[in-house]
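Single-structure report; data block below.
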Amino acid sequence: MGQTDRVAVVKYEGPVESSRRAVDLSGGLDRLKPGDKVFIKPNIVFFAAAPFPKWGVITTSRIVEDMVVLLKERGIDDLTLGEGMVSLKPKDPAMYESAFETLGYKKLEARYGLKLINVYTRPFKEIDFGDGAALSFNQDALESDFIVDLPVLKTHAQTGVSLGIKNLKGLIDIESRKRCHAADTERDLHWWVAHLAEAMPPIFTLIDGIYSNERGPSFDGKPRRSDMLVASADVLSADLVGSALLGHRPDTVPHLGHAARLRGRTPTLDGVDVVGESIEDLASYHQSEFPYNEEGTLPGPMAKMGVEGLSYYKYDTSMCTYCSAVNWLVLSAIAMAWKGEPFDRVEVLTGKRMRATPGKKTVLLGKCMWDAHKDHPDVDRMIAIKGCPPMPSTINQALHQAGIMVDPAVLESWAQAPGYFMKRYGDRPEFEESFFRVD
Ligand code: SF4
């Protein structure tokens, strides 16, 4: 059995030594040579002012610092940490300054010479996967000798799980991200995500499971303290094990299936040498999808509220991260606007695949839905929100036009949303703030 198939599963017990055990057991840094240029990819997703999203959303600063220490011990001085967060102003330094300062990365910069980058302000290089399929990747990562990939152990509402391979999506440019959320049902999100690791230098993956997350990737999921680390020199093997630990058979996760086929493997644990703890002892089921009613026409909580006269169809994989972020606010605003009177046969279409139903008042959320319907014979009766992503003020106007009297303040409350969710964990001692600091 080749070393690249070895995966270490380790209980997290404390700073540096748990990560060291994961590295040593997996042999994950054995290919590293002193003087190598190393790129560290944490998972930050999105950042907002305090209280910022953390448990099960962002890689703990504990694990980032551990890895920097372990790399320095191996004679690595050329260290870069980079991320491309979800932001309406991707090149704006403010969100990065705030994230890098708050998460303690600035201390790592001062102490260890770690370089910090916003990937959107750096050059991208297009990588062609054949058959006209290409994505543009951050050049610093591509040109490094080695990647240290630090995802969070989480499920994902669209991709089933979000682990080492999916974490690399933070290295592609915005156009490429939109391309991944394709309308095509064969070359769909799963197909594109499976290609993300293909052009990368050698990768060491350390999945941070100090906190895991149900219905990730963001703060509206349900985090739990799981205290485990998964490490491997083979990103696919790490993800197969991570998926099993989240209670999802790896062969049921479409992008892992595609990634395995790209490597001439099967998406199972056959041939993966798991060392350390056993998967059976630590696995626990984490739901991935947000619940909807049986017909897929309303989110579970809205169906329970008895909302009538509205079809807000279940999201599909063609809805990009930017529209997903907006979508969550639109649903919240509509739920709050419900006063018990049926809405007037309204439907809301999202992503790139949905199509209007005759006889309904159709709201087209986002430029893609407008593009898909602008030549429709009934387009005049549709209400279009054309932005990419759609902006709160135009969403507000459109919903009012459809007779749904949402509060515009709810649609504008994106930056405050993490604080609302983080409050749930404030009095639970297992949710420790200190994991997201560097002392
Ligand atoms: S409108 Fe939405 S789904 Fe379409 S490309 Fe823009 S963000 Fe993606």
Qualifying residue in the stretch 233-243 (condition: within 15 Å of the chain's Cα centre (by Cα), among the hydrophobic types (A, V, I, L, M, F, W, C) and not in a strand (DSSP E or B)): no
Lone qualifier among Asp220, Asp184, Asp234, Asp145 - being without any contact (Cβ under 8 Å) to a residue 60 or more places away in the chain and among the acidic types (Asp, Glu): Asp184
Close pairs (7 angstrom Cβ cut-off, 6 or more residues apart or separate chains): more than 15 Å from Lys361 (Cα to Cα) and in contact (Cβ under 8 Å) with a residue 24 or more places away in the chain in the stretch 371-390, within 16 Å of the ligand (Cβ to nearest atom) and among the aromatic types (Phe, Trp, Tyr) anywhere: Pro389/Tyr322
Those residues of the stretch 284-323 which are within 16 Å of the ligand (Cβ to nearest atom), free of Cβ contacts under 8 Å to residues at least 40 places away in the same chain and outside any loop (DSSP other than H, G, I, E, B), in sequence order: Tyr312
Some residue of the stretch 46-65 being out of contact with any Leu (no Cβ under 9 Å at 6 or more places or on another chain), surrounded by fewer than 20 Cβ atoms within 10 Å (Cβ to Cβ), at pLDDT 95 or above and in a loop (DSSP other than H, G, I, E, B): no
For Asp208: the one exception among (1) among the charged types (D, E, K, R); (2) touching an Asp or Glu at 6+ places or on another chain (Cβ under 9 Å); (3) part of a strand (DSSP E or B); (4) crowded, with 19+ Cβ neighbours inside 10 Å: (2)
Sole exception among (1) touching a Gly at 6+ places or on another chain (Cβ under 8 Å); (2) surrounded by 16 or more Cβ atoms within 10 Å (Cβ to Cβ) for Met302, by number: (1)
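The values are calculated or read from the model by the stated rules, or taken from the named source; none is laboratory data. These numbers were taken from a predicted model, which means no experiment stands behind them. Virtual Cβ from ideal backbone geometry, glycine too; neighbours counted across all protein chains shown.
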